[in-house]
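Worksheet for the structure shown next.
The values are calculated or read from the model by the stated rules, or taken from the named source; none is laboratory data. A quick note: this is a predicted structure, and the numbers were derived from the prediction, not measured. Glycine gets a Cβ as well: all are built from the backbone with ideal geometry, and neighbour counts include every protein chain shown.
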Amino acid sequence: MQEQRIQNIMEDTPSVSTASAAEEEAKPAGIAERFIALLIDWSIISIPYQLLAAYCINRMQYPTLEMIYGILAGVIVPFILYETLFSCGGRSTLGKKLVGIRVENAETGLPLGFVRAFVRAVGYFVSALLLMCGFLLAFIDTRRRALHDYLAGSIVMQARYKSWGEKMLLTLTGVVLMFIFVFYSYSQLFGAGSMAQQRLINRAQQHVDDIAYLEEVHRMQFGYYTNDLLRLSILSGDPVQFQRDTQAVLDNRNFRIGVSKDGFKISAHAKDARKTLVYYSR
């Protein structure tokens, strides 16, 4: 009996912390921490790219809304490459490492291969294009798998043990960031609009102000205001470029100049998504 008891004591038994860590790693990652990781990873790629894109756009004289969106959309390629390379072969993106989660094969538990990682990276944008419904799938799935996880056969799991305090901090931070994201998305769709659109509005207003200046020049030279845009373009010194600028920033179908003996009013619509009214009145 004594010998048996000694043997039992000497046998290796898992510690409480080791058992807790193993149990933690067997759980799917939470939605809040996944959102934080994705936000970090997106920022790593998008912020430097958008700074470069903003510089290129500012170098253009009159970029159209389509050109601006086309340049900004280019961030998709480096993001897909980043997500693919750091989600396969047992590697993790910086965002996932910081919050302690990892991507693995949903069936085998092994690291993703290159092809599955690529499909998952592209799947992010599929989930987003479906009005974010692909991401919302994770809220109702028992294993917290989003649409891009189903497309790639992947699952996001806990990568390390987290204390109660760390879990609460990640959850609260993730919830706050999600509310901010929803509010920002709503403002872009229904509010004042994006910086790209605001830039087009500002340029349209500036051009209307330039036309108003030419009206004053015309009155000084001829003694009256005119609603003839061609006459005003001649006064600009470069009528061809003036008309090109007008077509680039203003919707000609809604362009109006009203004149009277003592004043004038110019109204037009900018070439932003909402065709915002720009005007000048004297």
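What to note about this one:
- Qualifying residue in the stretch 70-78 (condition: surrounded by 15 or more Cβ atoms within 10 Å (Cβ to Cβ), out of contact with any Ser or Thr (no Cβ under 7 Å at 6 or more places or on another chain), modelled with pLDDT under 95 and over 17 Å from residue 44 (Cα atoms)): yes
- Within the stretch 93-126, if we keep just the residues that are among the aliphatic types (A, V, I, L, M) and in contact with a Cys (Cβ under 6 Å, 6 or more places away or on another chain), the residue that is nearest to residue 28 (Cα to Cα) turns out to be 112.
- Residue within the stretch 84-105 that is within 19 Å of residue 128 (Cα to Cα) and among the charged types (D, E, K, R) present: no
- Of all residues in the stretch 41-54, those that are closer than 12 Å to residue 78 by Cβ have Cβ atoms under 8 Å from Cβ atoms of residues that are hydroxyl-bearing (Ser, Thr, Tyr), 6 or more apart or on another chain, in 41/82; 41/93; 44/82; 45/82.
- Boolean, residue 224 is touching a residue at least 12 places away in the same chain (Cβ under 8 Å) and either exposed (fewer than 13 other Cβ atoms within 10 Å of the Cβ) or over 40 Å from the mean Cα position of the chain (by Cα) (or both): yes
- Looking across the stretch 241-260, the residues that are out of contact with any helix residue (DSSP H, G or I) (no Cβ under 7 Å at 6 or more places or on another chain), modelled with pLDDT of 85 or more and of a type in the set (S, T, N, Q) come down to 241, 247, 260.
- Exactly one residue out of 66, 25 is assigned by TED's automatic domain parsing to the domain that holds residue 149 and at pLDDT below 65, and it is 25.
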